[in-house]
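J.: Below: one structure in structure tokens.
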Amino acid sequence: MVLSNAQLISPGFEIPTGFLEIEGGLISALGPLEELPQGREVIDLGGRMLIPGGIDIHCHGAAGADTCDGLPSSLERIAEAKLREGVTTWLPTTLTQPSEKLIEVAGVIAQWAHSAALSVPGIHLEGPFINPEQAGAQNPEFTRLPDLSELRALHEIFPALVLSLAPELPGALEMIREAQALGIVSSAAHSKADSGTLQEAMGYGLRHLTHYGNAMTGLHHREIGMVGTGILDDSLMLEVIADGIHLCDDMLRLLLKVIPIERLILITDSVAASWQPDGESTLGGLAVIIKDGETRLKKDGSLAGSTLRFNHGLKRLADLADRPLHEVVAVAAANQARSLALHDRGHLKAGLRADLAVLDADFEVARTYVAGEARFQR
């Protein structure tokens, strides 16, 4: 199959009018349109953008469904929504729940993932090892101290690729070291850690900051906290919810100006309220209100995940960045792939998976291909 008459955009290059050939689920060739061999049957993309398929490493739910529902039908609904957003790789993201519930959910994901319409290489465990004083929209009733046996049990059922935890908790440093040995990326989350504690955790292998700026210690001129350390230390990857709510546009501009683009990871942190109209919903057993695209806890008005669509987050960053799109697009897939050692995706390059998103000029998704198969078409 050949996709033709497309604007090819990938980290490091842009081909204004080009083609991309797919064979056996992989990209076999690409280049300017004039280099397309004659006699090929092509699909004309009408000058649309063709970019690597998105990798959403932090998404709890969408379309009224949540990963922690523990139902294949819920996972299917979320996957369908992700494909409509141009996402081709998804890490189902759990909430802070009782141990037996997380075991159940991991088992359902493991059985479902092999037949999923998109790639599901692992899960993201957000909690339960978080600070209850920074629980945010996580249910503080179920928070607990790090337990290596629980982590190993979940990872055995289905690989955990990301673990979000509070590094200041007793036992957290040992868990971060164990996670690294298991191939799990540790990320600081829902935490009251100061800069020194965070830097110590980095010495044990911590590499990410979960939903940067939210549920973490802020920047102060006498204690730079987690936010300041995220700016200062080039070894940290920053997960960014680019909805203009969790991080205002000026904060996004600041990050795009002072942080190397290779350190930023676009996430949605979307919940069941995504793709839903205004009204009431739930998150981890907590009541939430959806209004004007914001999801907040009913009890105190705290932000409760997002309704952000992945393609809309990319558009916002592209609009705010003072740099070309072939640089900004790294936040959608290449940075995630590098950090999580998913070496077979994230770029438009011969030999890599043909995980692709076709976007209109306004970043609305026209088509999504997973391993060369059209899984969404508008």
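J.: Restricting to segment 102-123, what's the tally of residues that are buried (at least 18 other Cβ atoms within 10 Å of the Cβ) and among the charged types (D, E, K, R)?
T.: Of the residues in segment 102-123, 0 are buried (at least 18 other Cβ atoms within 10 Å of the Cβ) and among the charged types (D, E, K, R).
J.: If you go through segment 105-149, how many residues are part of a helix (DSSP H, G or I) and more than 27 Å from residue 303 (Cβ to Cβ)?
T.: Number of matching residues: 8.
J.: Grab the strands (runs of 3 or more DSSP E) fully contained in segment 258-308, keeping just those with 1 or more residues being within 23 Å of the chain's Cα centre (by Cα) and within 18 Å of residue 68 (Cα to Cα).
T.: 279-283, 286-291, 294-297
J.: Would you confirm whether or not segment 251-258 contains a residue that is modelled with pLDDT of 95 or more and farther than 23 Å from residue 10 by Cα? Spell out how you get there, then give the answer.
T.: Going residue by residue through segment 251-258, those that are modelled with pLDDT of 95 or more are 251-258.
From what's left, farther than 23 Å from residue 10 by Cα: 251, 254.
Looking for residues that are modelled with pLDDT of 95 or more and farther than 23 Å from residue 10 by Cα, one finds at least one in segment 251-258, hence yes.
J.: Where residues in segment 56-81 are assigned to a strand (DSSP E or B) and among the small types (Gly, Ala, Ser), which of them is farthest from residue 329 (Cα to Cα)?
T.: So the residue we want is 65.
J.: May I pose another question? Take segment 214-249 and flag every residue that is in contact with a helix residue (DSSP H, G or I) (Cβ under 8 Å, 6 or more places away or on another chain), assigned to a loop (DSSP other than H, G, I, E, B) and touching a residue at least 60 places away in the same chain (Cβ under 8 Å).
T.: Those that are in contact with a helix residue (DSSP H, G or I) (Cβ under 8 Å, 6 or more places away or on another chain), assigned to a loop (DSSP other than H, G, I, E, B) and touching a residue at least 60 places away in the same chain (Cβ under 8 Å): 215, 216, 242, 243, 244.
J.: Still on this structure: Name every residue in segment 316-337 that is under 15 Å from the mean Cα position of the chain (by Cα) and either part of a helix (DSSP H, G or I) or surrounded by fewer than 24 Cβ atoms within 10 Å (Cβ to Cβ) (or both), in order of residue number.
T.: Scanning segment 316-337 gives 317, 329, 330, 331, 334, 335, 336, 337.
J.: Among (1) surrounded by 15 or more Cβ atoms within 10 Å (Cβ to Cβ); (2) within 24 Å of residue 130 (Cβ to Cβ), which single condition is residue 21 missing?
T.: Unmet condition: (2).
J.: Answer yes or no as to whether residue 126 is buried (at least 24 other Cβ atoms within 10 Å of the Cβ) and closer than 26 Å to residue 304 by Cβ.
T.: In short, yes.
J.: Right, here's the next one. Which condition number in (1) in contact (Cβ under 8 Å) with a residue 12 or more places away in the chain; (2) closer than 30 Å to residue 367 by Cβ; (3) surrounded by fewer than 19 Cβ atoms within 10 Å (Cβ to Cβ) is the one that residue 144 fails?
T.: (2)
A quick yes/no check of all residues on (1) without any contact (Cβ under 8 Å) to a residue 24 or more places away in the chain; (2) surrounded by fewer than 16 Cβ atoms within 10 Å (Cβ to Cβ):
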| site | (1), (2) |
| --- | --- |
| 269 | no, no |
| 273 | no, no |
| 298 | yes, yes |
| 305 | no, no |
| 339 | no, no |
| 345 | no, no |
| 368 | no, no |
| 373 | no, yes |
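J.: Shifting gears a bit: Is there any pair linking a residue in segment 199-213 that is in the same structural domain as residue 57 (by TED's automatic domain parsing) to one that is of a type in the set (Asp, Glu) and in a strand (DSSP E or B), with Cβ under 6 Å and at least six apart or on different chains, and which?
T.: 210/239; 211/239; 212/239
J.: Any residue in segment 30-48 that is outside any loop (DSSP other than H, G, I, E, B), among the hydrophobic types (A, V, I, L, M, F, W, C) and in contact with a helix residue (DSSP H, G or I) (Cβ under 9 Å, 6 or more places away or on another chain)?
T.: Scanning segment 30-48, I find no residue that is outside any loop (DSSP other than H, G, I, E, B), among the hydrophobic types (A, V, I, L, M, F, W, C) and in contact with a helix residue (DSSP H, G or I) (Cβ under 9 Å, 6 or more places away or on another chain), so the answer is no.
J.: Restrict the check to segment 139-154 and report whether at least one residue is of a type outside the set (A, V, I, L, M), in the same structural domain as residue 179 (by TED's automatic domain parsing) and within 20 Å of the chain's Cα centre (by Cα).
T.: No: zero hits.
J.: Report, by residue number, each residue of segment 113-155 that is of a type in the set (Asp, Glu) and farther than 30 Å from residue 369 by Cα.
T.: Going through segment 113-155, the residues of a type in the set (Asp, Glu) turn out to be 126, 133, 141, 147, 150.
Listed by number, the residues that qualify are 133, 141, 147, 150.
The values are calculated or read from the model by the stated rules, or taken from the named source; none is laboratory data. Nothing here was measured: the structure is a model prediction, and the numbers come from that model. In this analysis, Cβ positions are derived from the backbone assuming ideal geometry, glycine residues included, and neighbour counts consider all displayed protein chains.
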